[in-house]
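Participant: A single structure is presented below for examination.
Coordinate-derived values only; no laboratory data. The model shown is predicted, which means the values in this text are computed figures rather than measured ones. We place every Cβ from the backbone using ideal geometry, glycine too, and count neighbours over all the protein chains shown.
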Amino acid sequence: MMSVVRVEKVSKDYRLGEQLVRAVNNISISIEPGVFLAISGPSGSGKTSLLNLIGCIDRPTLGEIYINEQSVRGMTDNQLAALRLRSIGFIFQTFNLLPVLSAAENIEYPLLQRTDLSPAERHERVDHFLDVVGLSDRKSNRPNQLSGGQRQRVAIARALAGSPSIVLADEPTANLDKATGVSILQLMKKINEQLKTTFIFSTHDARVVALADRLVQVEDGKLQGLGIRRDGDWVISRARASDTAPNKAPAN
């Protein structure tokens with residue numbers, strides 16, 4: 001099966017003052033279309049760094065990344081921006097909505113860069129995804145007129161409006177109360193099942209892991225295990241230090 005994301009022997013170094021820190025260390029994974037995948041690990045484990053690499057926000061120090069089987073090595077910043085615009089949606093824990101824009105305008109804003117969409121098509125997408133996230137009656141509200149859960153729903157609609165094959169979510173429940181966080185996760189799971197959009201989360205929230213059907217465990221920048229859910233239970237393949245070939249989650 002074709003992968004939507006393939007990470008091959010990827011490492012990422014950052015400089016902190018005089019110190020060189022390896023945030024991601026020789027990780028290889030392959031992610032198939034339509035999964036609801038959690039990258040889990042403790043704070044500082046490298047899960048957000050790995051998510052940023054998958055999202056082409058950062059470039060790897062070593063290794064190769066493929067999005068929809070296309071290598072991103074050698075792409076210019078403009079080419080990466082175009083790839084993100086068409087293939088990858090982002091959901092952030094701090095929502096990242098523009099305060100001066102309404103809910104509808106926040107959703108439409110990234111689409112303004114899409115020269116292939118007419119104004120009528122943009123508005124149709126905005127209205128459709130406002131309906132998907134249950135906020136059609138709040139389309140004119142600005143972020144400060146919305147609850148935290150409603151703002152996250154706007155962020156989800158914005159991520160989906162470009163029809164990406166991948167949606168990346170960085171700790172999407174971190175700034176939400178428990179009940180709101182559960183409802184947001186259930187909404188994303190429903191969208192995943194209906195639209196077959198691949199969702200990839202970085203999280204240490206057990207509620208996200210409980211809803212996931214694939215699991216990538218990282219610690220100290222290294223891959224610790226890969227999991228697939230079977231009959232409600234996790235089947236985990238543990239990574240070994242000697243592993244050099246790309247690691248795949250077990251097939252169904």
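Participant: Rank the residues Thr48, Thr115, Thr61, Thr94 as a footprinting-exposure proxy: fewest other Cβ atoms within 10 Å of their Cβ go first.
Facilitator: Numbers: Thr48 18, Thr115 6, Thr61 15, Thr94 12.
If I rank by nearby Cβ atoms, fewest first, I get Thr115, Thr94, Thr61, Thr48.
Participant: Stretched out fully, how many nm does the piece from Tyr109 to Glu193 gain, at 0.36 nm a residue minus the Cα gap? Write out the running numbers ahead of the final one.
Facilitator: Values: separation 84, 0.36 × 84 = 30.24 nm, distance 2.61 nm.
Between Tyr109 and Glu193, full extension yields 27.6 nm more.
Participant: Could you work out the helix-only [θ] at 222 nm for the chain, with each DSSP H run of four or more residues adding -39,500 (n - 2.57) and the total divided by the number of residues, to the nearest 500 deg cm²/dmol? Walk me through the numbers on the way to the answer.
Facilitator: Details: 7 runs with 77 residues, N = 252.
Calculated mean residue ellipticity at 222 nm is -9000 deg cm²/dmol.
Participant: In a GNM of the chain with a 10 Å cut-off on Cα contacts, which of Gly227, Gly162, Gly17 has the highest mean-square fluctuation?
Facilitator: Gly17
Participant: Residues with amide H under 5 Å of Val5's amide H, sequence separation 5 or more or different chain, H placed in the peptide plane at 1.01 Å from N; which?
Facilitator: Here the answer is Ile31, Asn68, since their amide H atoms fall under 5 Å of that of Val5.
Participant: Moving on. Pull out a ≥ b ≥ c, the square roots of the eigenvalues of the alpha-carbon gyration tensor of the range 52-149, then state rounded if a/c is under 1.5, prolate if not and a/b is larger than b/c, and oblate in the remaining case.
Facilitator: Here the range 52-149 falls in the prolate category.
Participant: Using 0.36 nm times the number of residues separating Met1 and Thr61, minus their current alpha carbon distance, what extension gain do you get? If you can, show how the numbers build up before the last one.
Facilitator: Details: separation 60, 0.36 × 60 = 21.60 nm, distance 2.76 nm.
Residue separation times 0.36 nm, minus the Cα-Cα distance, leaves 18.8 nm.
Participant: Another question, if that's okay. Determine the gain in length on full extension of the stretch Glu18-Ser163; use 0.36 nm per residue of separation and subtract their C-alpha separation, reporting nm with one decimal. Walk me through the intermediate numbers first.
Facilitator: Values: separation 145, 0.36 × 145 = 52.20 nm, distance 4.23 nm.
Fully extending the segment from Glu18 to Ser163 adds 48.0 nm.
Participant: Then there is this: Exactly which GluC sites (Glu not before Pro) in the range 65-112 are in a DSSP loop and have at most 14 other Cβ atoms within 10 Å? Present the calculation step by step, with values, prior to reporting the outcome.
Facilitator: Values: sites: Glu69, Glu105, Glu108; in loops: Glu69.
In loop regions of the range 65-112 (DSSP not H, G, I, E or B), the sparsely surrounded GluC sites (Glu not before Pro) are Glu69.
Participant: For q = 0.12 Å⁻¹, what log10 I(q)/I(0) does the range 113-252 give under the Debye formula with an equal point scatterer on each alpha carbon and no solvent?
Facilitator: So the normalised log intensities work out to -0.60.
Participant: Average the reciprocal distances over every distinct pair of alpha-carbons in the chain, invert the result, and give the Kirkwood radius in Å.
Facilitator: For the chain, the Kirkwood estimate is 18.7 Å.
Participant: May I ask for the net charge around Asn144, where only other residues with Cβ less than 13 Å from the Cβ of Asn144 are counted and Lys, Arg are +1 while Asp, Glu are -1?
Facilitator: Details: positive: Arg138, Arg142, Arg151; negative: none.
Combined, the nearby Lys, Arg, Asp and Glu give +3.
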